[in-house]
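In what follows, a structure is listed as structure tokens, so that the remarks can point back to it.
The values are calculated or read from the model by the stated rules, or taken from the named source; none is laboratory data. Just so we're clear, the structure is a prediction, and the values are computed from it rather than from any experiment. A quick note on method: Cβ atoms are made from the backbone with ideal geometry, for glycine too, and the neighbour counts reach across all protein chains shown.
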Amino acid sequence: MYAFELERPTTLADAIKALGGEEAQPLSGGQTLIPTLKQRLAMPSTLVSLTGIDELKGIKNEGGTLTIGGATCHADVAKDGSYPALSDLAGHIGDPHVRNRGTIGGSLANNDPSACYPAAALASGATIVTNNREIAADNYFTGLFETALDEGEIITAVKFPIPEKAAYVKFEQPASRFALVGVFVTKGANGVRVAVTGASEGGVFRWTEAEEALSSNFAPSALEGLSVPADGMIGDLHGTPEYRAHLVGVITKRAVMKAG
Amino acid sequence: MSMGKPLPHDSAPMHVTGAARYIDDIPVPADCLHLAFGLSHVARGVISSMDLTAVRTAPGVVRVITAADLPGVNDISSAAHDEPLLAPGEVHYHGQPIFLVVATSHRLAREAAAKAEVVIDPKPAILTIDDAVAVRSYFEGGPLTWKRGDVDPAMAKADTIIEGKIEIGGQEHFYLEGQISLASPQDNGDMVLATSTQHPTEIQHKVAEALGTPFHAVRVETRRMGGGFGGKESQGNALAIACAVAAHLTGKPCKMRYDRDDDMIITGKRHDFRIAYKAGVDAKGKLVAVEFDQYVRCGWSQDLSLPVADRAMLHADNAYFIPNIRITSHRMKTNTCSATAFRGFGGPQGMVGIERVMDHMAHRLGMDPLEFRQANFYKKSKPQETPYGQPVKGFILPDLVRQLADTANYKTRRDAIRTWNEKSPILKKGIALTPVKFGISFTLTHLNQAGALVNVYADGSVTINHGGTEMGQGLFQKVAQVAAGEFGIDMGRVRITATDTGKVPNTSATAASSGSDLNGMAVKNAVDQIKDRIARFLAVDGVKPKDVLFADGKVTAGNTVLSFEEAAKMAHENRISLSATGFYATPDISWDRTIGKGHPFYYFAHGAAITEVVIDTLTGENKILRVDILHDVGQSLNPAVDVGQIEGGFVQGAGWLTTEELVWDDKGVLRTHAPSTYKIPACSDRPDVFNVALWNGENHVPTIYRSKAVGEPPLMLGISALMALSDAVGACGEAYPNLSAPATPERVYMAAKKVGAKR
């Protein structure tokens, strides 16, 4: 780890101001950033902690929309329960340590291809709220570890319309328990949405073919014969592109079955 | 009487409270220095330039040592002298140590090491078995073949012939305590080391060689290891020598431990194998001929690869009589870490080869694999010879397997599984019983010896010391039980002391499952001498020394009854020596490895396991549902310790063949160097139903209390997990699954898909 200054603002305004400094970087739960710093893969001069800002925390359920503050940890989302599939997802991220430190804003800002939250946001048609705008999930995830966020822009909240039916199923890589393939399906006002994490070289994506099939018949059998091409899937030490492509089909069926 | 009691491990309370001292817990002097290696970042090449200026000037750095700075021999190998401590100009694997940093802390040493600018001109690296075969990169110039009978004509006459091959992955030891050493300089340039090693004597010898001193100038102490599994037989040499050399050059104590990633990258692992086979049976389903080609990926240096590959050949028969057999062993030299000893020492790979043949042939013949195995067992009544000419005596597997199959309802469950599978299109269950016959003794005959030192103090308390090392397996407790039992005293009177080359010299590694056999006997020999002296002293008034009894904390000589402490005190006051060294050499063994004939093993240890699994054919996910084991430890020295070894052995063996996958990339970089990428079985992965029983019997040869070795054999019980998965995959269709190891979900899925497609 290289030396850095740590700012701990208590208001959003102070945080934005601090982030205006040269090579300043926001620090949320630190579950990815701190290991990255330890590996000396990043060298920010200042870290601006977001976890001391009350207005970034908390969960509100109003008019069928669940609004979660950007600095809310996974364990709090897991406990909430008003969007059961989302709470289920949050309750199975990493381990207790990760769940009590890691935050939803941090996870979405980082957009790790194996992270769980991006699938939830995309499949729910969530809105990513930042300090200066609102971004629809469909426009937010732009690639591996890449998002529509500008430099210095931070996620203040995420708004999830609570769907009629939803479920998340992940196939865990047995050693790290990261998602080798994770699928979040929803059925609600926005129709059927299917988002896949862990599998693609482009990060989280919507499987539109499956969405169409499930729109007319929300049942695993509707997916019979559908598959995603192996081309563009991640191939690494934990699985081939062909295996991941195959798992996308199986795990989507499981998610649909779980959503009921 | 302490013998045969299920006493807990002597350090169990200390293990769970954290009070047990490992090397890193030993307080070090304030001026202690810490070491880190700088490693090669290419698999093969020539060092064209090495700029260590930034390393030398980094904070806390006291000294930087390269090959040219070493005071003595630059070698860490067990025997072959082909493994430099620091690469002298050429590098042979990714992760090979090139230079050594000596700094004021572990962290500063590591940070400094990362600052080196080393330029290596890469050369084409030989990474895989295929690469090595293509350029004939062999140890010993070419393959080694052992045979019996005449395979080709026998095969030609066979009624049914199968051919195939299986890939068997390697395995990381994953001892919880990583490699570590601490060296302290003494008067006259002598060196004392505390080392986490299974082989203190080898550390002593190699350190002496590196310092250019006689063996007597180096003393090595090992109280306990946090796991060894063979990974601390030779792999501790580098750290111990590095510490000793740095301590010699700086005059200060030096300590070195590897971080986990470095530990996994630098040190050797279980050899991965490819075994190609051809086997024939006659019309009655009896094996008539088997041919094996065992391809062994040895890595860049010889280390223990020759005896490991030999042991794989020696277990190519497992429990079966094969009249005509040819085993060819290809020991391939590759630019990967030097594969080393790992629990079973090649035996498990050889055994997987023949068990694969049994599974494949039974499938071809449409027979129950168990019945096919039983039909080909060595005969119990009239000892038949192994392919290497040793009569298989005391062979209990026919009875043991029958008993296990009966008590675990093998046949009923197998039938039930068949019925269940017919109604279950997606989930498929499988069941398999595999036997183990494992040869006990070092194949290098002279290693089969042990020494001990037993002291009785004037207050009747006793210390024991021997050449064996404690790595969690319970050796010390078993040997203490021998001493307490022989003296007829409570366990509380016997203190177990750290293995120390200054107390018992010229010892062998604690390996080959031999710890209790050898050291138990050596301690008994020492105890017998002391008892004999006390008995002769007390045997007066017509009492014969042999009639003096040591039991229940008392020494009884005719009408004289003394407490053990009174006897000790009296003996001391009458100038009777109460200290003795003991010795043991295993009888009846001989071996010629060049022709593959002899009597390499004193006896065989046996066992069998039935594993039931379920697989999801859509994903390959799988789970062990139930395991039943019946294992032969002869007359158990300690049933609690033995059952622990059997449970752990099975889990480690099943882990090797199912979840533990080592992945090197096409540059020869090990990509699985942490628990985040390499999956060892955790406590939650053990089978939900796990029935382990000990075979009721005694060793047919006179080992210590007729017990049997238990360290390695149970690992091979895990082979039943692979064969059960094969059985489950086979339920998807007609074709043989051809499942390789480790049978990860992806491999199980692909195999099930292939078998299903051929339906």
Original post:
Out of all the residues in the range B:30-79, which are touching a strand residue (DSSP E or B) at 6+ places or on another chain (Cβ under 9 Å) and of a type in the set (D, E, K, R)?
Top reply: B:44, B:51, B:56, B:63, B:69
Subject >> Top-ranked residue of the range B:163-198 - restricted to ones that are among the small types (Gly, Ala, Ser) and not in a strand (DSSP E or B), ranked as nearest to the chain's Cα centre (by Cα) >> reply: B:170
Subject >> residue A:243 vs. criteria within 14 Å of chain B (Cβ to nearest Cβ) and under 30 Å from residue B:655 (Cα atoms) >> reply: yes
Subject >> Lone unmet requirement of (1) within 14 Å of chain A (Cβ to nearest Cβ); (2) buried (at least 19 other Cβ atoms within 10 Å of the Cβ); (3) over 15 Å from residue B:436 (Cβ atoms) for residue B:663 >> reply: (2)
Original post:
Only one of B:682, B:654, B:693 is free of Cβ contacts under 8 Å to residues at least 12 places away in the same chain and more than 29 Å from residue B:335 (Cβ to Cβ); which?
Top reply: B:682
Subject >> Residues (of a type in the set (A, V, I, L, M, F, W, C) and away from every other protein chain (no Cβ under 11 Å)) located in the range A:249-260 >> reply: A:255, A:256, A:257, A:259
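Can you tell me which residue among B:749, B:678 is among the aromatic types (Phe, Trp, Tyr), part of a loop (DSSP other than H, G, I, E, B) and within 12 Å of another protein chain (Cβ to nearest Cβ)?
Answer to the selection: B:678.
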Subject >> From B:515, B:520, B:467, B:460, residue being touching a Leu at 6+ places or on another chain (Cβ under 6 Å), of a type outside the set (S, T, N, Q) and buried (at least 18 other Cβ atoms within 10 Å of the Cβ) >> reply: B:515
Subject >> Total residues in the range A:26-45, condition over 14 Å from residue A:71 (Cα atoms) and buried (at least 17 other Cβ atoms within 10 Å of the Cβ) >> reply: 4
Original post:
In the range B:727-754, which residues are more than 27 Å from the chain's Cα centre (by Cα) and among the hydrophobic types (A, V, I, L, M, F, W, C)?
Top reply: B:728, B:729, B:731, B:732, B:735, B:748, B:750, B:751, B:752
Subject >> Matching residues, the range B:347-362, being among the β-branched types (Val, Ile, Thr) and under 19 Å from the mean Cα position of the chain (by Cα) >> reply: B:352
Original post:
Would the range A:49-66 turn up any residue that is in the same structural domain as residue A:119 (by TED's automatic domain parsing), without any contact (Cβ under 8 Å) to a residue 12 or more places away in the chain and within 16 Å of the chain's Cα centre (by Cα)?
Top reply: no
**OP:** Just give me the residues in the range B:618-654 being surrounded by 23 or more Cβ atoms within 10 Å (Cβ to Cβ), within 14 Å of chain A (Cβ to nearest Cβ) and not in a loop (DSSP other than H, G, I, E, B), in sequence order.
**Re:** B:622, B:624, B:654
Original post:
Using beta carbons and a limit of 9 Å, which pairs, at least six apart or on different chains, have the first residue in the range B:718-746 and within 14 Å of chain A (Cβ to nearest Cβ) and the second one among the β-branched types (Val, Ile, Thr) and not in a loop (DSSP other than H, G, I, E, B)?
Top reply: B:742/B:168; B:742/B:658; B:743/B:658; B:743/B:729; B:744/B:658; B:745/B:615
Original post:
Of the residues that sit in the range B:263-278 and are part of a strand (DSSP E or B) and in contact with a Gly (Cβ under 9 Å, 6 or more places away or on another chain), which one is nearest to residue B:81 (Cα to Cα)?
Top reply: B:270
Original post:
Of all residues in the range A:1-23, which are in contact (Cβ under 8 Å) with a residue 40 or more places away in the chain and not in a loop (DSSP other than H, G, I, E, B)?
Top reply: A:5, A:6, A:7, A:12, A:15, A:16, A:19
Subject >> Test: residue B:561 is of a type in the set (A, V, I, L, M), at pLDDT below 95 and either outside any strand (DSSP E or B) or at negative phi (or both) >> reply: no
Subject >> Complete set of residues in the range A:155-164 that are more than 15 Å from the chain's Cα centre (by Cα) and surrounded by 22 or more Cβ atoms within 10 Å (Cβ to Cβ) >> reply: A:163
Original post:
How many residues, within the range B:5-61, are within 29 Å of the chain's Cα centre (by Cα) and either under 30 Å from residue B:480 (Cβ atoms) or among the β-branched types (Val, Ile, Thr) (or both)?
Top reply: 22
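How many residues does the range B:47-68 hold that are in a loop (DSSP other than H, G, I, E, B) and under 16 Å from residue B:105 (Cα atoms)?
So the answer is 4.
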Subject >> residue A:145 being within 14 Å of chain B (Cβ to nearest Cβ), modelled with pLDDT under 95 and under 14 Å from the mean Cα position of the chain (by Cα) >> reply: no
**OP:** Specify the residue that is nearest to the other protein chains (Cβ to nearest Cβ); the eligible residues are those in the range A:167-194 that are under 22 Å from residue B:682 (Cβ atoms) and basic (Lys, Arg).
**Re:** A:177
Original post:
When only residues in the range A:193-219 that are of a type in the set (S, T, N, Q) and touching a residue at least 24 places away in the same chain (Cβ under 8 Å) count, which is farthest from residue A:247 (Cα to Cα)?
Top reply: A:215
Original post:
Just one of B:706, B:671 is away from every other protein chain (no Cβ under 14 Å) and surrounded by fewer than 24 Cβ atoms within 10 Å (Cβ to Cβ); which is it?
Top reply: B:706
Original post:
Among the listed residues A:215, A:221, which satisfies the condition of being of a type outside the set (A, V, I, L, M), more than 26 Å from residue B:620 (Cα to Cα), at pLDDT 95 or above and outside the structural domain of residue A:93 (by TED's automatic domain parsing)?
Top reply: A:215
Original post:
Looking at B:47, B:23, B:76, which is the one that is in contact with a helix residue (DSSP H, G or I) (Cβ under 7 Å, 6 or more places away or on another chain) and crowded, with 19+ Cβ neighbours inside 10 Å?
Top reply: B:76
Subject >> the range B:696-722, residues that are part of a loop (DSSP other than H, G, I, E, B) and either outside the structural domain of residue B:608 (by the TED database) or in contact with a strand residue (DSSP E or B) (Cβ under 6 Å, 6 or more places away or on another chain) (or both) >> reply: B:698, B:699, B:701, B:708, B:709
Subject >> Test: residue B:21 is charged (D, E, K, R), touching a residue at least 12 places away in the same chain (Cβ under 8 Å) and outside any loop (DSSP other than H, G, I, E, B) >> reply: no
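Does residue A:107 qualify as being at negative phi and at pLDDT 95 or above?
Yes; evaluated as a whole, the condition is true for this residue.
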